[in-house]
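Written out below as C-alpha cells is the structure these notes cover.
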C-alpha cells in the first residue's frame, strides 16, 4: 500500500515537473547559432522627437529568422515594439503615432532587447517575456522551441531636433531662389521691360470664347481631378479667372463641372469675382459651377454626358488629369469644340497634344496668369524661373562632364567630385 | 492698416512663411503644423462636401421639376443617391461598417459601381485608337517622326519585334530611356520651377487672381 502511494506521488511529481517544464523558460548556453547578431538603438535624427530607431546587424545565415523587439523604460515598464520582423529588414522604428501618441516620450531612457527565433513567436511566450524585468543574453527554450535573446542596448533617449540638417541643400537652394526672385522683382520695379515668349494656347483663349459666343454655345471649363492644394489646380483656377472675365465680356455662359467640393466653391467665387470685375455680376449663375462626383470615372462619365448634351463651343481642360484625360478630350473633339488643355502630368500630355487644338505644356500652364496679365511684377517671376533653369542646365552639364571623367576615364578625383555633387544635391 | 484684400494676402503670406519654416524645423510647434493644417483641411473639406451634395442634388431636382430634356436620368441619379446613402447607414448600424462583406452596400459597390468604373476605363482603349490615328497621320515632318518612333516602340514591346530584329527591343529601350526620358525630365524641371514661381507669387501677394 505504502509502495503504491509512493509510486503515485512520484508519478505525480514527475508529471507536474514535466508539464511545468513545457511552459516555462529554460536557459541554455549558446546553442542557437547567433554569433555576429546584435542590436543597437539611437534617436531618429532630424525628427520632431518621440522616435527611436533600432538597427541590427546579422550574419547571412540568419536571413530567414524572425526578430521580436522588446522595450524597457527607465521605470521598469516592458512593452513589445514589434513582433516577428524578418531579420533581413534590418531596422524598425519605435515611434509615437496618432494611434499610440504616448509610445516613446522624449527625455526618458529606453533599453531594447531582441528575441531571435526561427518560428513566429508564441503569444504565451510574449506575455512571459513582457513580465520579466531582465533577460540574460543567451539561448532559451520554450515549448520545445529555441530562441535567442540579445543583450540589452545601451540607454537610448529620444529628443526633438531644432533643425533638419538633411535639408540644408534645400535651404541653400531656397536662399539662391529667393535672391534671384528678389533681384528680378527689383528690376521690374525699376521699370525694366521683361520679355515673355508667345504662348499660342493662351492667345487662343479669346478666339475660343468668341467662337463659342458666335455659335451661341456655352464654354466648358474642366479643372480635372485635383484638389485645391494641388498647384496645377491653383494654376487652373487663375486661368479660369481670366477666361470667366472674357466670358462675362462676351455675355456667354460658362459651365464648370467639379470633382472636389472645395474646388467647386473656390471656382464659384473665382467666376463670381471675374463677372463682377467685368461689370456683369447679373450674368453670374452659381448653378453653372456644379459638383459631379469624387469618383474618377464617374466624373469622366458625368462630364462626357454634359458635353454631349450641352455641346459647348469651347472646352478648357486646365488642371490635374490622369487616366480620364483622353476620355474627356476625345469627347470634346467629337462634338467639334475648340479645345485648350494644360496639365503638369507628363504622362497625360501626349493625349492632350493628340486630341486638343492647343496644349499648355507644364510650365506654360503655370505661366498662364502672368501671360494673360503681363504685369511687370508678375513677369519678373518668369524671368527668375528662366535664370534658374539656366543654372540647373549648367549643373546638369557639369554633372555630365564630371561623370564622363569619373567613370569613362576612371579618374579618382572626378569620382570624388561626382560623389560630392550627388551628396550635395540629395535631400 | 490691413483692409479689403490685404487681410487674405497677409494671412496667405504668414501661412506660407510658417509652412516654409516648419519644413526646416521639426521641433514642436513647427513640426506638427503640416499635419494640423491637413486636419483642418479635412474638416473644411467635410463641410464643403455638403455643399457639393447640395449642388448635385439641387441641379437634378431642378431638372426634374422643370421636366427638362432627359429628366429621367436625373430621377435615376436621385434614386441611386438616396438608396446608396440609406443602405450605407443601415448597414453601418447592422455591421459596424458599411463595407462588411455581407452588407448590401458592398454589394452595390461591387456590382454597380465597380462595373461602371471598368466600363468607363475600357472606353479609353477606343479613344486611344482614335487619338493615335489622328496624331500619327504623317502630315508634316514632326508627325512623321512621331509615327516612325511610335511604330518602333510598339514593335519593340511585342514578341513580333524581337522576331523582326533582336535590336528592335534594345532600340525601343534606348528611345524610352534616353530621348523620351530627357524630354520628360526637361518638362518636369520646367513644371517644378513653374510651381515654385506660382507659390512665390501667391505668398508674396503678386498673384491675386485666386482671391475672390
statement: Condition set assigned to a loop (DSSP other than H, G, I, E, B) and within 7 Å of chain B (Cβ to nearest Cβ), scope the range A:342-351, selection surrounded by the fewest Cβ atoms within 10 Å (Cβ to Cβ): answer is A:346
message: Can you find a residue that is in a helix (DSSP H, G or I), modelled with pLDDT of 90 or more and surrounded by fewer than 15 Cβ atoms within 10 Å (Cβ to Cβ) anywhere in the range B:22-33?
response: no
field: Complete set of residues in the range A:195-242 that are under 32 Å from the mean Cα position of the chain (by Cα), farther than 26 Å from residue A:383 by Cα and part of a loop (DSSP other than H, G, I, E, B)
entry: A:225, A:226, A:227, A:228
- line: The one condition residue A:216 fails out of (1) farther than 26 Å from residue A:385 by Cα; (2) in contact with a strand residue (DSSP E or B) (Cβ under 8 Å, 6 or more places away or on another chain) is (2)
message: Please pick out the residue among B:164, B:128, B:89, B:151 that is under 24 Å from residue A:329 (Cα atoms) and away from chain A (no Cβ under 14 Å).
response: B:151
field: Every residue from the range A:234-251 that is in contact with a strand residue (DSSP E or B) (Cβ under 8 Å, 6 or more places away or on another chain), within 10 Å of chain B (Cβ to nearest Cβ) and in contact (Cβ under 8 Å) with a residue 40 or more places away in the chain
entry: A:235, A:239, A:240
query: Filtering the range B:133-142 down to residues that are more than 7 Å from chain A (Cβ to nearest Cβ) and closer than 18 Å to residue A:348 by Cα, which residue is surrounded by the most Cβ atoms within 10 Å (Cβ to Cβ)?
result: B:136
- line: Exactly one of A:173, A:166 is modelled with pLDDT under 90, part of a helix (DSSP H, G or I), more than 9 Å from chain B (Cβ to nearest Cβ) and more than 26 Å from residue B:205 (Cα to Cα), and that one is A:166
- request: May I ask you to verify whether residue B:61 is more than 8 Å from chain A (Cβ to nearest Cβ), part of a helix (DSSP H, G or I) and under 23 Å from residue A:287 (Cα atoms)?
  value: yes
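If you go through the range A:300-324, how many residues are under 24 Å from the mean Cα position of the chain (by Cα), buried (at least 16 other Cβ atoms within 10 Å of the Cβ) and within 12 Å of another protein chain (Cβ to nearest Cβ)? Spell out how you get there, then give the answer.
First, pick out the residues of the range A:300-324 that are under 24 Å from the mean Cα position of the chain (by Cα): A:318-324.
Within this subset, residues satisfying the condition of being buried (at least 16 other Cβ atoms within 10 Å of the Cβ) are A:318-321, A:323-324.
Imposing the further condition that a residue be within 12 Å of another protein chain (Cβ to nearest Cβ) reduces the set to A:320, A:323-324.
Looking only at that region, the number is 3.
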- line: Of the conditions (1) facing chain B (nearest Cβ under 10 Å); (2) in a loop (DSSP other than H, G, I, E, B), the single one that residue A:290 does not satisfy is (2)
query: For residues in the range A:357-369 being surrounded by fewer than 24 Cβ atoms within 10 Å (Cβ to Cβ) and in contact (Cβ under 8 Å) with a residue 24 or more places away in the chain, which is nearest to residue B:188 (Cα to Cα)?
result: A:364
message: Tell me the residue from A:70, A:85 that is surrounded by 16 or more Cβ atoms within 10 Å (Cβ to Cβ), within 18 Å of residue A:145 (Cβ to Cβ) and free of Cβ contacts under 8 Å to residues at least 24 places away in the same chain, please.
response: A:85
query: Quick one: would you say residue A:354 is in a helix (DSSP H, G or I), assigned by TED's automatic domain parsing to the domain that holds residue A:209 and over 19 Å from residue B:190 (Cα atoms)?
result: yes
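Would you confirm whether or not the range A:416-427 contains a residue that is under 30 Å from residue B:124 (Cα atoms) and in contact with a helix residue (DSSP H, G or I) (Cβ under 8 Å, 6 or more places away or on another chain)?
Of the residues in the range A:416-427, the ones under 30 Å from residue B:124 (Cα atoms) are none.
Looking through the range A:416-427, none of the residues is under 30 Å from residue B:124 (Cα atoms) and in contact with a helix residue (DSSP H, G or I) (Cβ under 8 Å, 6 or more places away or on another chain).
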Checklist (1) loosely packed, with under 15 Cβ neighbours inside 10 Å; (2) within 30 Å of residue A:307 (Cα to Cα); (3) modelled with pLDDT under 90 applied to residue B:66, failing item: (3)
- request: Can you work out which of the residues in the range A:147-163 that are assigned to a loop (DSSP other than H, G, I, E, B) and closer than 23 Å to residue A:121 by Cβ is nearest to the other protein chains (Cβ to nearest Cβ)?
  value: A:153
- prompt: For the range A:119-136, which residues satisfy the criterion of being modelled with pLDDT of 80 or more, closer than 20 Å to residue A:54 by Cα and surrounded by fewer than 18 Cβ atoms within 10 Å (Cβ to Cβ)?
  reply: A:120, A:126
statement: Flagged in the range A:90-109 as surrounded by fewer than 22 Cβ atoms within 10 Å (Cβ to Cβ) and touching a strand residue (DSSP E or B) at 6+ places or on another chain (Cβ under 8 Å), in numbering order, are A:90, A:91, A:92, A:93, A:95, A:96, A:103, A:106, A:107, A:108, A:109
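The values are calculated or read from the model by the stated rules, or taken from the named source; none is laboratory data. Owing to the predicted nature of the structure, the values given are computational and were not obtained by experimental measurement. With ideal geometry, Cβ positions are generated from the backbone for all residues, glycine too; neighbour counts draw on all protein chains shown.
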